[in-house]
Structure formats: C-alpha cells, structure tokens
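I have placed the structure first, in the form of structure tokens, so that the comments after it can refer back to it.
The values are calculated or read from the model by the stated rules, or taken from the named source; none is laboratory data. It should be emphasised that the depicted structure is a prediction, and the values quoted were computed from it without experimental measurement. Here the Cβ is made from the backbone with ideal geometry for all residues, glycine too, and neighbour counts use every protein chain on show.
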Amino acid sequence: MVDAACGLVSKEGFVQVGVMAGERIMMQGFPIATKGMVIGLLGGSFDPAHAGHAHLTREAIKRFGLDRVWWLVSPGNPLKARQPAPMADRLARARLVMDDPRVAITDIEARLGTRYTAATLEALVALYPGVRFVWLMGADNLLQFDRWDRWQDIMRLVPIGVLARPGSRIAARLSKAAEIYWPARLPDHLASTIGRRAPPCWSFLDMPLMRDSSSAIRARGEWIAKA
C-alpha cells in the first residue's frame, strides 16, 4: 500500500498470502534474509575492494537505516578488453576489507546469470518476497546513470541511496536522472526512512572524502588483474 510517490509502504505491502512476516528466506549459495529487512545493495567489480568501499557501506548503513548490505561482486564483462581479477580473488579481498557481520560479500550475479542491474534487481525482488532492497551508489554513478541498461526500470524497482563526496554534489544534481526524478528525492532528514518508501524514491547525501580508488591501487601495482 502506497501513500503517494515516494510514500511510506505499509507492513501489509510486504506479506504474501500464506507467508508469515519475519520468516527467513534461505537458498543455497545466497545470503539469508528475513521478511521486512531493509538491505542495501552495492554492486561493482571490486577490482580490488578498498577502504573507500567499506567507508561508503558503513555510511549507508548508518544514514539510510539499513539492516544489512550485500556487496554484489560482478563477473567480468566479456565485451571489455580488460578483464578483472578472478572472482575468487576479488571475493577474498573484499572479505578482508569489509569484515562486518552486517555485510555479506556475494557473487549473486554470477549465480543468477545476470549481467545488468535491472535484471539482477528483478531476480532478487522475486527471490526475496517481503525484503526491502535499496540500491546504493556513489554520485559518480548518478552522473552517468541514464546510460545504464533500463535505468528507469531500476528507479521503479527499488529506492536508490546516493552518497556523494564533497565537490561532486553539484554536478550529480545536474545529471539527467536527477533532473527527471527530482520530485521523488527525499529530504535529507528523511533519508533513514528510504527503505520503507515506495519507488521511485531516492536520497542524495554527502559523506566525508576518502581518496582510495581501485584504479589507483592497480596503477601502483598493488593489485594484479587477470590479463
């Protein structure tokens, strides 16, 4: 049940007929979730994972009121000349960087066989009825979000939490996605309620700057990707 665009979703909107709220959803090889949980999804190649990813994740948990965050470590893209390091290596590195019981490091997209975010979200929403997902991303992704495959479907599927480094806020606010969906943006003081809101709905918050990046780590020779 939805009050209005970006409105609060009532509890009955998350209970399927014949299924008890609070029941755990368990599937082999997938994280466990409880109906009613608010789970942030952070996707990327994580090639490699670094302190900046961990910092964004902790900020998201705190400021968006998330119960859990799942890192979706993506498979390599066969259309790109440069392939990431092997999945097992990237997963192992991610678990070292993000050692927090509230965070699950996953290869969900490889298990689902999905290549694009919209398809991944459709699959997760179907597999985890009653779980409230929030897509997480940095402001740099918001700048190019309208180039993503079926990006408006993503906006309609789940709320989106954007965390911006100081200095990137103005440019991101002028992006095509921000302009089109500006009426669906949550005021900052309501950001912690994003997981209980109906999409399209998004929040845009500043976070302290961390200069780590995967490309810089690779450039320094501290992480060797597969050729």
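Entry remark, the stretch 24-56: residues being of a type in the set (D, E, K, R), in contact (Cβ under 8 Å) with a residue 60 or more places away in the chain and in contact with a Ser or Thr (Cβ under 8 Å, 6 or more places away or on another chain) number 1 in total. The set of residues in the stretch 161-182 that are hydroxyl-bearing (Ser, Thr, Tyr) and at pLDDT 85 or above comprises Ser175, Tyr181.
The residue that is modelled with the highest pLDDT, among those in the stretch 183-227 that are closer than 22 Å to Gly65 by Cα and in contact with a His (Cβ under 8 Å, 6 or more places away or on another chain), is Met207.
Quick one: would you say Leu66 is at pLDDT 90 or above and either in a loop (DSSP other than H, G, I, E, B) or of a type in the set (A, V, I, L, M, F, W, C) (or both)? Judged against the criteria, Leu66 is a match. Scanning the stretch 27-63 for residues that are of a type in the set (A, V, I, L, M, F, W, C), surrounded by fewer than 23 Cβ atoms within 10 Å (Cβ to Cβ) and assigned to a loop (DSSP other than H, G, I, E, B) yields Met27, Phe30, Ile32, Met37. Scanning the stretch 142-181 for residues that are within 14 Å of the chain's Cα centre (by Cα), surrounded by 20 or more Cβ atoms within 10 Å (Cβ to Cβ) and assigned to a helix (DSSP H, G or I) yields Leu142, Phe145, Ile154, Met155, Leu157.
Matching residues to (1) touching a residue at least 40 places away in the same chain (Cβ under 8 Å); (2) of a type in the set (Gly, Ala, Ser); (3) within 15 Å of Pro199 (Cβ to Cβ):
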site	(1), (2), (3)
Ala123	no, yes, no
Pro129	yes, no, no
Phe145	no, no, yes
Ile154	no, no, yes
Glu179	no, no, no
Leu186	yes, no, yes
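Search the stretch 81-111 for residues being small (Gly, Ala, Ser) and part of a helix (DSSP H, G or I), and hand back the single one that is farthest from Ala123 (Cα to Cα). Here the answer is Ala92.
Screening Ala118 on (1) under 14 Å from Ile160 (Cα atoms); (2) not in a helix (DSSP H, G or I) shows it passes everything except condition (2).
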